[in-house]
Amino acid sequence: MERQLARMYFGGEALPVVVPIQTVAILGSFLGCPVKFMDRNTVWSGHIIEDPNNLPDLSFNPENRWWKVAKHLMECFVERAVGYHVAIPDLNGPTETLARLRGTEGLALDFSDNSDYIKPAIDRITQAWFRYWQECTKMVPGAGAKPTVEWMPLLKRVQDAGKLLLAYCGKGDVEKLLKELKAEGLMVVTSCDSVEDARDLLRDVEKWTAQYR
């Protein structure tokens with residue numbers, strides 16, 4: 001991959017990016033779908049849901065074989081990355097992941113004949129999606145990356161230039177971002193450990209937004 005990048009021309013605003021894991025919708029494999037390599041460029045995944053009323057565990061599994069492979073590849077590229085960015089895997093959407101887990105034809109028929117399990121399954125897959133996404137994004141910036149709140153002068157310059165701002169942070173830093181930055185055009189992305197914590201944070205955000213305007 002690095003040799004390919006070295007031979008490429010990046011014009012305009014193009015950026016050199018390495019995608020260590022190029023399997024489409026690999027979240028299905030992280031959740032247990034068996035992987036079959038047809039050739040060096042083609043991979044198929046089998047489905048694992050035979051009985052929709054008896055779903056397998058659809059939660060984050062740090063010991064999953066394919067997650068460990070993906071994690072190792074990303075860590076290796078991040079460690080040696082010079083002059084290029086490292087992209088996270090294509091996790092794809094929860095509904096497509098369910099189609100991989102159940103089989104496309106099976107899921108299509110279930111929408112008509114046995115739909116009760118679909119929304120709960122998608123909810124569980126969505127939770128797993130966010131956990132895997134969080135684990136991937138922790139690796140990609142590299143060790144020692146500053147938290148968002150430590151880039152406050154730069155963030156303020158972005159807003160002063162009239163640009164929209166997307167800021168990722170830990171939940172403990174949300175108040176500082178809302179206090180220091182303009183609410184207009186600002187989107188803050190964070191996560192909580194439970195639904196109750198998330199609802200409490202949303203109530204606090206309403207209070208802080210009004211307080212710091």
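For this structure, a couple of remarks:
- Computed magnitude of the charge dipole of region 54-100 (debye, nearest 20; Cβ of K, R +1, Cβ of D, E -1): 120
- Gained length - Val69 relative to Lys171, 0.36 nm times residue gap less alpha-carbon distance: 33.8 nm
- Mean separation of Cα contacts under 8 Å (6+ apart) over length of the chain, as relative contact order %: 19
- Fully extending the segment from Asp204 to Asn92 would add 37.2 nm, taking 0.36 nm per residue of separation and subtracting the current Cα-Cα distance.
- Loop sites in region 142-194: trypsin sites (Lys or Arg not before Pro), DSSP, at most 12 other Cβ within 10 Å: Lys163
- Taking amide H positions as modeled 1.01 Å from N, with prolines and chain starts lacking one, the residues under 5 Å from Val43 and 5 or more places away or on another chain are Met38.
- Taking the chain as a Gaussian network of alpha-carbon nodes connected by springs under 10 Å, the highest mean-square fluctuation of the residues Pro89, Pro120, Pro34 belongs to Pro120.
- Label point distance in nm, Gln134-Val189, each placed 7 Å from Cα along Cα→Cβ: 1.4
- Pairs from the list Lys182/Lys207; Lys71/Lys163; Lys156/Lys176; Lys138/Lys163 with a Cα-Cα gap above 22 Å: Lys71/Lys163; Lys138/Lys163.
- Amide H contacts of Ser191: Lys171, each under 5 Å away and 5 or more positions distant or on a separate chain (H built 1.01 Å from N in the peptide plane; Pro and chain starts excluded).
- Less than 5 angstrom separates the built amide H of Val18 from those of His85, Val86, Ala87, all sequence-distant by 5 or more or on a different chain.
- Calculated FRET efficiency for the pair Asn41/Thr104, C-beta based, R₀ 22 Å, to 0.05: 0.55
- For the chain, the dipole from Cβ point charges (+1 on Lys and Arg, -1 on Asp and Glu) about the Cα centre works out to 880 debye, to the nearest 20.
- Sites excluded, chymotrypsin sites (Phe, Trp or Tyr not before Pro) in DSSP loops with at most 12 other C-beta within 10 Å, longest stretch of the chain: 11-213
- Fully extending the segment from Ser112 to Leu15, taken as 0.36 nm per residue of separation minus the present Cα-Cα distance, adds 30.4 nm.
- With both labels modelled 7 Å from their Cα along Cα-to-Cβ, the Lys156 to Gln4 distance reads 4.3 nm.
- Residue among Glu50, Glu75, Glu96 with the largest mean-square fluctuation in a Gaussian network model of the chain, springs linking Cα atoms under 10 Å: Glu50
Every number in this text was worked out from the coordinates using simple rules, so none of it is lab data. The structure displayed is predicted, hence computed values, not measured ones. Cβ coordinates were reconstructed from backbone atoms using ideal geometry, including for glycine residues, and neighbour counts include every protein chain displayed.
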